[in-house]
Amino acid sequence: MAIKKAAVIGAGTMGAGIAGQVANAGIEVLLLDLPSEGDDVNALARRGKDRVTDPSNPGVLSPAAGDLITIGNIRDDFDKLSECDWIAEAILERLDLKKDLYKKLDNVCHDNAIISSNTSTIPIRLLVEDMPLAFRKRFAITHFFNPVRMMPLLELVSGEDTDPAIMDELREFCDRDLGKGVVFCKDTPGFLGNRVGCYAIQTALHLANDMGLSPVEADGIFGRPMGIPKTGVFGLYDLIGIDLMSDVAASLVNTLPKGDDFHTFGTKLPLMADMIANGQKGRKSGQGFYRTTEGIKQVINLKTGDYETINPFNHGPAAKAEKDGIVHILNDDSHYGDYAWQVMSRVLVYTAGLIPEVGETPVGVDDAMKMGYNWIKGPFELIDAIGPDYLIERLEKEQRHVPDYLRQASGKSFYQTDKELSALVYDGGTRPIERPEGTLRFNDRKKTLSPIFSNDAASAYVIDDVALVEFHSKANALGSHSMAILDKALDHVTDHGLAGLIVHNDAQHFSCGADLREVRSCFEAKDWGRLDSFLNHFQQTGLKMARAPFPVIAAPVGLSLGGGFEVVLHAKQVICHANSNMGLVESGVGLIPGGGGCKETLYRWLAAKECDMDAAAWEAFMALGYGKTASSPVLAREMAMLRPNDRYVNNRDRLFTEAMTAIKSGHEQAGFDRPPLKMAGKPMFDKMVKWANDMVQKGKLYPHDAAVSTEFARILTGGEIEAGTQWTEQDLLDAERRAFLTLAKTVETQERITGLLDHGKSIRN
């Protein structure tokens, strides 16, 4: 049965998010909540829809997707559920309320309708123990993670009576239509993600307090050095909400057996009860463990409860661990190294001890932590990186418990590679890792490959007669080393007659832009020749991508900003993830896109405006000057950032396969070798400069913004030239380089770049 219409009951954060993701799949969805008193009986559902369609933090891909959400209430609109093929329950975590709702659903829903709960704390057997067999057969738990649009993980749990065909249908729908990485879980407390993730958070929280570390120090260790997002533990508590995170931990305390080590760290810190009572609940209340007062970032003192100015955390081994691997911080002979070891060893021991309770292989746990908590490596992948024997030996030296499953990895690893990737099975042997048909993660495939060439910023591989370039610098910032690998890979495709080239990686973000540290080193040394050479090589590599006699596909995920988006712009086809966020944002640091981005933006708008050069130049001027970004591929197409032959997929695990299929299809993507343009010239240049200066006079732009806008105008119109003068692509690229160098030499641009790199501040001047 195809799911053609769905409903979500409960319009809170999770329920509204689920409704938004269903709408993103192009499916009508009914969002219901309790009726409200007053003029707007649907106020609760309306509030949920407003939140998920808010342009500042959208849970939908476009306004058109938001239009697929219909709101209502469970008193007046309950009978409409009879039209729905899937009903997702996302109400309060109270068993009595859920049971009462299910009885009502059983009387209204059609016989083939699937019903699921978003619970993460109540066992499925309790949820449906009072329901007839026919209902139990089509009931499951679909546990989404917040924010629903952004977090890939979906934990899928069946009951004893759930029809396997229903589970197959849910898996297929959630995978292909909703774009989720589906992990099957046993009906155990917290399932996989929260069982391990909450234990890790609580352990890091309590040990930081016990060992006298400040939140800044703890987050500086239990963060990027361990391959965990920079929010760390205290920052994550603030992000989730201190009250909400405390409730999740308390729920696990209530459901886990007494012998579970979660009880060691499951309670609140003494300070936290007072913080919650005082309204210090995290970001949603403006203050938690961290706050910003009058532009000054502050952190709470865990002993006194007072806020103090943040001192930046710098620790050499932590920085080395972030770059070269977690072992560098675990081996650090300092207070920070001890904290890292105490936290991570407990997390890894706890996780290994969950096998076989939660599953027979490490795959589900690792997938859950990567997709639900944004860890770069899952716990078992971390053990492999550290070395199982190293971990066992150190635990034994400290006379600590070593789980049976960890001992089984002695002398080998949890993941093994030969011609295929396999995982260690509890009590012997290995099992090939199986993904749903059509899904393939590059990181899985990479474990069986060696790069044909590589440096600290990028690597190139050959996979089934296709070259692939992966960026892997910090934030995948693009510098001369990144572009050297891309340039070399393009030559390799030609020299070896390969089918084509894909630019892709499995990181959270494709690329956050050009490496400003490299730009800074040039202007500090006043080495303008080196900067010009870097820009020229960047530009020519982009042209080589665009003019290659073979398919070149960019397959980005997450952020593709600045120089990263300039690479995307020069691919002959873009196949991106639905959550891709893209744009040219260089104006914020007082620069212009110098890798062909201005050129491409002008050409794209010229096509969109049907060759009206004045209109195209103006649209490009406004887009680049304001550093506009598109929060989805749908909006990117409307903003002339993507072309008709570019497309997106909902599930990022299908992106690599889609790109490979497109290369192998043999269809030649559109080339970029374009004829000269008749530039708008001086009349439009003068109009743009006047507009920028007027905006400064009105207080809507800063003086240096006008200087940047003038350089944009000079590139996009040709400046002082006569209207209709022809410019080639190379003329536009030369203009970009001149403008970039002009701005890079100014004190104002240098202040903006230095402020961002040194203090994370966006300086306006």
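The Asp76 and Asp96 beta-carbon pair, evaluated with R₀ = 25 Å, returns a calculated FRET efficiency of approximately 0.60. Projected onto its three principal axes, the C-alpha set of region 174-286 covers 43, 32, 29 Å, listed from the longest axis down. Karplus-based coupling profile of region 721-726, in residue order and whole Hz: 6, 6, 4, x, 5, 7, with θ = phi - 60° in 6.51 cos²θ - 1.76 cosθ + 1.60 and x standing for Gly or Pro.
Helix-derived [θ] at 222 nm for the chain: sum -39500 (n - 2.57) over DSSP H runs of at least 4, divide by residue count, nearest 500? That calculation yields -13000 deg cm²/dmol at 222 nm.
Taken along the Cα-to-beta-carbon direction at a fixed 7 Å, the label points for Lys412 and Asp456 span 3.7 nm. From the coordinates of this entry, Cα Rg over 2.2 N^0.38 Å is computed, and it appears in (1) 0.99; (2) 1.09; (3) 1.03 under the label (1). With the simple model of a label 7 Å out from the Cα in the direction of the Cβ, Leu34 to Lys397 spans 5.7 nm.
In this structure, the amide hydrogen of Leu478, modeled 1.01 Å from its nitrogen in the peptide plane, lies closer than 5 angstrom to those of Gly513, Ala514, Asp515, counting only residues at least 5 positions away or on a different chain. Calculate how steeply helix 703-717 sits against the longest principal axis of the alpha-carbon atoms of the chain, using the helix alpha-carbon long axis, and give the answer as 0 to 90 degrees to the nearest 10. With both axes taken from Cα atoms, the answer is about 70 degrees. Sorting 647-653, 493-499, 238-244 by average packing, meaning the other beta carbons within 10 Å per residue, from highest down gives 647-653, 238-244, 493-499.
Mean shadow of region 325-364, computed from the convex hull of its alpha carbons, in nm²? Answer in nm², one decimal: 3.2. Remark: region 636-745 is approximated by an ellipsoid whose semi-axes, taken from the C-alpha gyration tensor as √(5λ), come to 36, 20, 13 Å, largest first.
Using C-alpha pairs below 8 Å separated by at least 6 residues, the relative contact order for region 677-759 is 38 percent. Per-residue Karplus couplings for region 153-159, computed as 6.51 cos²θ - 1.76 cosθ + 1.60 with θ equal to phi - 60°, are listed in order as 6, 10, 8, 10, 10, 9, x Hz, Gly and Pro entered as x. Between 0 and 90 degrees, the angle of helix 597-608 with respect to the longest Cα principal axis of the chain falls at about 90 degrees.
Can you give me the long-range amide H partners of Ala723? Hydrogens built in the peptide plane at 1.01 Å from N, cutoff under 5 Å, separation of 5 or more residues or another chain. Amide H to amide H, under 5 Å and 5 or more residues apart or across chains, Ala723 pairs with Lys682. Entry note, the chain: relative contact order of 8 percent, from Cα contacts under 8 Å with a spacing of 6+ residues.
If you place +1 on the Cβ of every Lys and Arg, -1 on the Cβ of every Asp and Glu, and leave all else neutral, what size is the dipole of the chain about its Cα centre, to the nearest 20 Debye?
1060 debye
Hey, with R₀ at 41 Å, roughly what FRET efficiency would Ala385 and Asp491 work out to, going by the Cβ-Cβ distance, to 0.05? Result of the calculation: an efficiency of 0.80.
In region 5-185, a dipole from Cβ-located charges (positive for Lys and Arg, negative for Asp and Glu) runs towards its positive end, and of Pro147, Gly159, Phe173 it is Pro147 whose Cα lies farthest in that direction. Close amide H partners of Ser117, meaning residues 5 or more places away or on another chain with modelled amide H under 5 Å apart, are Glu89, Ala140, Ile141, Thr142. Taking 20 Å as the limit for the C-alpha separation, the pairs Lys628/Lys700; Lys99/Lys180; Lys419/Lys474 exceed it in the case of Lys99/Lys180; Lys419/Lys474. Cβ-Cβ distance of Arg517 and Glu638, R₀ of 51 Å, FRET efficiency by 1/(1 + (r/R0)^6): the value works out to about 0.90.
Peptides 15-27, 131-143, 629-641 ordered by packing proxy, namely the average of other Cβ atoms within 10 Å per residue, highest first: 15-27, 629-641, 131-143. For region 488-493, 3J(HN,Hα) computed residue by residue from phi via the Karplus equation (6.51, -1.76, 1.60; θ = phi - 60°) reads 5, 5, 4, 5, 5, 4 Hz, glycine and proline entered as x.
For region 297-418, the fraction of alpha-carbon pairs lying more than 18 Å apart is 59 percent, rounded to a whole number. As a ratio to 2.2 N^0.38 Å, the alpha-carbon radius of gyration computed for region 5-185 takes the value 0.95.
Dipole magnitude for region 372-518: about 360 debye, using +1 per Lys or Arg Cβ and -1 per Asp or Glu Cβ, origin at the Cα centre.
Each Lys and Arg contributes +1 and each Asp and Glu -1, all at the Cβ; summed about the Cα centre of region 193-431, the dipole is approximately 440 debye. Distance between the pseudo-spin-label points of Glu720 and Asn645 (7 Å out from Cα toward the beta carbon): 4.1 nm.
For the peptides 588-594, 433-439, residues were scored by their other Cβ atoms within 10 Å and the scores averaged per peptide; the highest-first order is 588-594, 433-439.
Laboratory data are not the source of any read-out in this text; all were calculated from the coordinates shown. Please read all numbers here as calculations on a predicted model, not as lab measurements. Reconstructed Cβ throughout: ideal geometry from the backbone, glycine too, with neighbour counts over all protein chains shown.
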